[in-house]
Amino acid sequence: MYFFRHFGSFILMIRGMFSRPENYRMYWKELMHQCVELGIGSLGIVSIISVFIGAVSTVQTAYQLVSPLVPISTIAQIVRDTVILEFAPTLSCIVLAGVVGSKIASELGNMRVSEQIDALEIMGINTRAYLIMPKIVACLIMIPLLVVIAMTVGIWGGRFAGQAAGIMSYEVFDRGLFKDFIAYNVTFALTKAYTFAFIISAIPAYYGYHVRGGALEIGQSSTRAVVTSCVTVLLADYILAALLLD
Amino acid sequence: MIEVRNLRKGFGDRTVISDVSAVMETGKCNLIIGASGSGKTVLMKCMVGLLDPDAGDIIYDNLRFTGMNTGEKKEMRRQIGMLFQGSALFDSMTVEQNVMFPLDMFSNMTRGEKQKRVDEVLARVQLVEAHRKFPAEISGGMKKRVGIARAIVLNPRYLFCDEPNSGLDPQTSLVIDKLIREITLEYNITTVVNTHDMNSVMEMGDRIFYMYQGYKEWEGSNQEIIFSKNEKLNAFIFASDFLRDAKDMRMLELKGRISDQRDMDSMLRES
Ligand SMILES: Nc1ncnc2c1ncn2[C@@H]1O[C@H](COP(=O)(O)OP(=O)(O)OP(=O)(O)O)[C@@H](O)[C@H]1O
Ligand SMILES: [Mg+2]
């Protein structure tokens with residue numbers, strides 16, 4: 001019952017987002033602002049995480065793969081595929097759910113509690129369209145980009161760690177990297193990225209927009225937003241894998 | 001002119017506004033007064049459509065606001081300015097950007113024209129040195145003034161102020177009251193003010209609506225309020241000895257009995 005009520009008003013919120021902008025220039029400005037705020041603002045953390053995830057993958061795969069029958073460059077292949085398929089999209093998005101999600105939820109929550117949303121409504125502005133839409137669209141633009149960057153940086157981290165730990169040279173890694181490369185994996189990863197981008201922007205927006213009360217509730221709702229979007233990301237991850245990978 | 005007809009609003013099974021009817025006239029300051037929790041803010045939010053009333057009608061100059069669809073309401077709201085109880089300034093924007101925001105959104109003015117208009121309204125509310133400050137950096141009274149500036153920048157026909165002087169010192173309160181009153185007369189707009197400030201009631205109450213537990217208990221002007229026999233109203237508005245004395249004084253004054261000093265002295269001795 002609880003779930004259906006929230007799901008219902010979530011759908012209403014999404015539907016309410018689609019209306020003719022009162023002023024295209026202002027919406028564009030807001031969109032650009034959100035792209036910078038949410039996208040560029042998360043670049044640092046995503047890069048750092050990806051480097052280490054890539055590096056750890058290489059070292060651990062090498063540790064687990066002890067058979068002399070398997071060529072050492074296979075490690076690069078495994079690192080490439082796990083980074084592209086899982087680490088870059090899913091792990092980045094879990095982290096982004098925390099970074100971006102709490103930002104969206106607390107910003108909207110604060111605007112709701114301090115009546116700034118009401119003030120916009122009084123001016124005759126559709127606040128769902130003006131406040132929520134640009135955030136979701138900005139995430140849909142920026143998060144797939146961040147995921148691509150995470151892939152590149154992650155693989156680079158793995159390559160670097162391989163050399164640094166004396167597991168394999170750059171040449172060996174590169175040989176594995178380009179062997180049996182399946183382009184579909186990238187498509188799949190981007191499909192995930194778009195799905196997750198929607199989840200980690202829309203769910204926190206829902207929680208933030210519907211806050212009632214004061215500062216305490218803003219905190220609670222942003223925590224709830226992050227937890228819900230993390231769980232939803234993982235659920236969607238599983239569903240997409242089951243549907244799209246055979 | 002704004003007409004409220006048989007308005008009713010509740011939350012859950014609790015009725016907050018019961019069957020309120022009122023006519024708020026153009027070019028006048030219409031005050032809604034009442035104790036904390038009597039439903040002033042809810043009434044105002046129903047009037048501007050931030051809350052949907054359970055029953056009743058809101059009519060703006062012969063246009064039935066309550067029957068409008070979302071698009072028509074949006075259109076109508078361009079003519080409404082509102083000052084919120086907590087100012088509700090956009091805290092990511094400077095004072096100037098706050099006031100310019102409605103212009104950016106809804107006008108076709110050039111950058112220069114907008115700037116000119118912003119300077120004009122900020123000067124109107126006597127704020128000239130805070131243009132580039134953020135809301136967090138200015139005082140409560142300044143925030144209210146920025147809120148008023150933002151509310152009037154598009155020349156609204158209806159101005160709503162929710163407790164424009166709560167939390168302000170008496171002097172600043174007076175300045176803000178005076179400002180609201182002047183704006184009302186100057187642009188001949190319909191102004192609705194929520195307040196429980198006695199000074200405001202006396203200074204600018206062209207029409208006063210007294211709310212008691214969700215009912216409209218009394219209505220009249222600031223002249224009539226002095227002579228009102230309504231006990232609830234008197235208990236609310238002339239709550240302290242000081243105010244009761246002030247009331248008696250004003251009553252005498254209005255009755256024209258204070259013709260000379262000697263007369264007043266004798267009367268004071270009597271009472
Ligand atoms: N969104 C809401 N949900 C439930 N109850 C509400 C809501 N808003 C207001 N109320 C209730 O309605 C009553 C009237 O509230 P309102 O804010 O109108 O009071 P007020 O007259 O403006 O008081 P104050 O002078 O303190 O601002 C209060 O008892 C409040 O608890
Ligand atoms: Mg109130």
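The values are calculated or read from the model by the stated rules, or taken from the named source; none is laboratory data. Treat the numbers as computed from the prediction; the structure is a model and nothing was measured. Heads up, the Cβs are rebuilt from the backbone with ideal geometry, glycines too, and the neighbour counts pull from every protein chain shown. Note: accessible area is taken over every heavy atom of the protein model, side chains too, but ligands, DNA and RNA are not part of it. Shrake-Rupley method; radii C 1.70, N 1.55, O 1.52, S 1.80 Å.
Net charge of the neighbourhood of residue B:4, taken over other residues with C-beta under 14 Å away and scored Lys/Arg +1, Asp/Glu -1, is +1. When the solvent-accessible area of chain B is split by element, carbon and sulfur atoms take up 48 percent of it, the probe being 1.4 Å.
Pop out the carbon and sulfur fraction of the accessible area of chain A as a percent, whole number, probe 1.4 Å.
Working: 8340 of 11800 Å².
Carbon and sulfur together cover 71 percent of it.
Mean per-residue shielding of peptide A:112-120 is 6, counting Cβ atoms of other chains within 10 Å of each Cβ. Extending 7 Å from the Cα toward the beta-carbon at both residue A:171 and residue A:60 defines two label points whose distance is 3.1 nm. Solvent-accessible surface (1.4 Å probe) assigned to residue B:131 amounts to roughly 30 Å².
Ordered by 1.4 Å accessible area with all protein chains kept, A:171, A:22, A:107 run largest first as A:171, A:107, A:22.
Rolling a 1.4 angstrom probe over the protein heavy atoms with all chains in place gives chain A an accessible area of 48 Å² per residue. Using only side-chain charges placed at the Cβ, +1 for Lys and Arg and -1 for Asp and Glu, the dipole size of segment B:89-155 relative to its Cα centre rounds to 120 debye. Interface A-B: total buried accessible area of about 1900 Å², 1.4 Å probe, protein heavy atoms only. Relative contact order of chain A, taken over Cα pairs closer than 8 Å and 6 or more residues apart, is 33 percent. In chain B, Cα pairs under 8 Å separated by at least six residues give a relative contact order of 25 percent. If you average the C-alpha positions of segment B:1-41 and of segment A:134-172 separately, how far apart do those two centres end up, in angstrom? With segment B:1-41 and segment A:134-172 each reduced to a Cα centre, they are spaced 60 Å. State whether chain A is rounded, prolate or oblate according to the following rule on the C-alpha gyration tensor (a ≥ b ≥ c being the square roots of its eigenvalues): a/c under 1.5 gives rounded; otherwise a/b larger than b/c gives prolate, and the remaining case gives oblate. It comes out prolate by the Cα gyration axes. For the residues A:129, A:138, A:189, a GNM of chain A with alpha-carbon springs under 10 Å puts the largest fluctuation on A:129. About the centre of its Cα atoms, the protein assembly as shown shows a dipole size close to 780 debye [charges on the beta carbon of Lys, Arg (+1) and Asp, Glu (-1) only; nearest 20 debye].
In square nanometres, what is the average projected area of the Cα convex hull of segment B:1-92? Show your work: numbers first, answer last.
Values: hull surface 28.8 nm².
With every direction weighted equally, the projected area is 7.2 nm².
A cut-off under 11 angstrom between Cβ atoms defines the neighbours of residue B:173, and their net charge, with Lys, Arg +1 and Asp, Glu -1, is -3. Comparing mean-square fluctuations of B:35, B:239, B:22 from a GNM of chain B with C-alpha springs under 10 Å, the top value falls on B:239.
Residues of segment B:53-95 whose accessible area (probe 1.4 Å, heavy atoms of protein chains only) drops by at least 50 Å² once all protein chains are present, relative to their chain alone: B:74, B:77, B:84, B:90. For chain A, the longest principal axis of the Cα atoms and the long axis of helix A:183-209 meet at an angle of about 30 degrees. Evaluating 6.51 cos²θ - 1.76 cosθ + 1.60 at θ = phi - 60° for every residue in segment B:136-142, the Karplus couplings come out as 5, 9, 10, 7, x, x, 5 Hz, glycine and proline recorded as x. Going from the chain on its own to the full set of protein chains, segment B:100-120 has these residues losing 50 Å² or more of accessible surface (heavy atoms, 1.4 Å probe, no ligands, DNA or RNA): B:101, B:104, B:105, B:106.
With charges only on Cβ, +1 for K and R and -1 for D and E, what is the dipole size of chain A about its Cα centre, in debye, rounded to 20? List each step's numbers first, then the result.
Values: 16 positive and 15 negative charges, 55 e Å.
Result for chain A is approximately 260 debye, rounded to the nearest 20.
Spin-label model, residue A:180/residue A:48: points 7 Å from Cα along the beta carbon direction are separated by 3.6 nm. Heavy-atom accessible area with a 1.4 Å probe sorts B:54, B:206, largest first, into B:54, B:206. The long axis of helix A:41-64 is offset from the longest Cα principal axis of chain A by roughly 30 degrees. If you plug the beta carbon distance of residue A:32 and residue B:13 into 1/(1 + (r/R0)^6) with R0 = 35 Å, you get a FRET efficiency near 0.15.
In the context of the full protein assembly, residue A:187 retains an accessible surface of approximately 80 Å², using a probe radius of 1.4 Å and ignoring ligands and nucleic acids.
Projecting the Cα positions of A:199, B:30, A:219 onto the charge dipole of the protein assembly as shown (unit charges on Cβ atoms of Lys, Arg, Asp and Glu, taken about the Cα centre) puts A:199 furthest along the positive direction.
Relative to the longest principal axis of the Cα atoms of chain B, the long axis of helix B:261-270 lies at roughly 70 degrees. Per-residue SASA remark: residue A:243, around 120 Å² accessible (1.4 Å probe; ligands, DNA and RNA not included). These residues, B:195, B:110, go from largest to smallest accessible area, 1.4 Å probe, as B:110, B:195. Which one, A:19, B:128, B:256, is farthest towards the positive end of the dipole of the protein assembly as shown when Lys and Arg carry +1 and Asp and Glu -1 on their Cβ? Ranked along the dipole, the leading option is A:19. Each of B:202, B:230, B:63 was scored by the projection of its Cα onto the charge dipole of the protein assembly as shown, and the greatest displacement toward the positive side belongs to B:63; charges sit on the C-beta of Lys, Arg, Asp and Glu.
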